[in-house]
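Q: Questions regarding the structure given below will be posed in turn.
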Amino acid sequence: MIPEIIILALTIYMESRGEPLQGKIAVGQVIQERMIEKHKSAAGVCLQRKQFSCWNIGVDEVHIRHINGELVKNKVDKKAWRDCLQIARRVVRRSLPRGRSWNHYHSTKVNPSWSAAMKDTEIIGNHKFGRI
């Protein structure tokens, strides 16, 4: 069984590792907001089918071990990983400020059909955040 905090930190990392700290926090805020709205655990939100592209290949131990293996082999940005782990801890405690109550985001490189319904949007780094 993979600890929830690791699933959450990996989700934030895989979705936003190249973003500024505020972008990583915003991804955490989206997950936290969905936890509140849907009455789900962090892992329940992160692993929900087709919600976060980083998990679209499937959730399995091999995938997790591969990512953790990269961490061990220093192929990842250690500072970004530490930031994501710290944000994940705050999400689990629900201690991130809710901010604008965003519950969706997408890369600015794509324009999914549902993005037209987003309100109160803001672009942070390479992602557009908003509320549906």
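Q: List every residue whose amide H lies under 5 Å from the amide H of residue 121, counting only residues 5 or more places away in sequence or on a different chain, with H placed 1.01 Å from N in the peptide plane.
A: Under 5 Å from the amide H of residue 121 lies no amide H from a residue far enough along the sequence or on another chain.
Q: Quick one: if the Förster radius is 22 Å, what FRET efficiency do residue 132 and residue 22 give, using the C-beta to C-beta distance and rounding to 0.05? Write down the numbers at each step before the final one.
A: Details: r = 21 Å, r/R0 = 0.95.
Once the sixth-power term is evaluated, E becomes 0.55.
Q: Right, something else. Could you check the simple spin-label distance between residue 85 and residue 51, using points 7 Å along Cα→Cβ, in nm with one decimal?
A: In this crude spin-label approximation the distance works out to 2.4 nm.
Q: Collect residues whose amide H, placed 1.01 Å from N in the peptide plane, falls under 5 Å from the amide H of residue 127; neighbours closer than 5 in sequence don't count.
A: 108
Q: For a quick check: sort 95, 115 by the number of other beta carbons within 10 angstrom, fewest at the front.
A: 95, 115
Q: Something else: Note the full-extension length gain between residue 5 and residue 107 as 0.36 nm times their separation in residues minus their Cα-Cα distance, in nm to one decimal.
A: Numbers: separation 102, 0.36 × 102 = 36.72 nm, distance 2.40 nm.
My answer for the length gained is 34.3 nm.
Q: Also, I was wondering about something else. Got a sec? How would 77, 83, 120 order by Cβ neighbour count within 10 Å, fewest to most? Numbers along the way, then the final one.
A: Values: 77 14, 83 22, 120 11.
Ordered from fewest to most neighbouring Cβ atoms within 10 Å, 77, 83, 120 come out as 120, 77, 83.
Bear in mind these aren't lab numbers, they're just calculated from the coordinates by the rules spelled out. Keep in mind it's a predicted model, so treat the numbers as computed, not measured. Cβ: placed from backbone, ideal geometry, glycine included. Neighbour counts: every protein chain shown.
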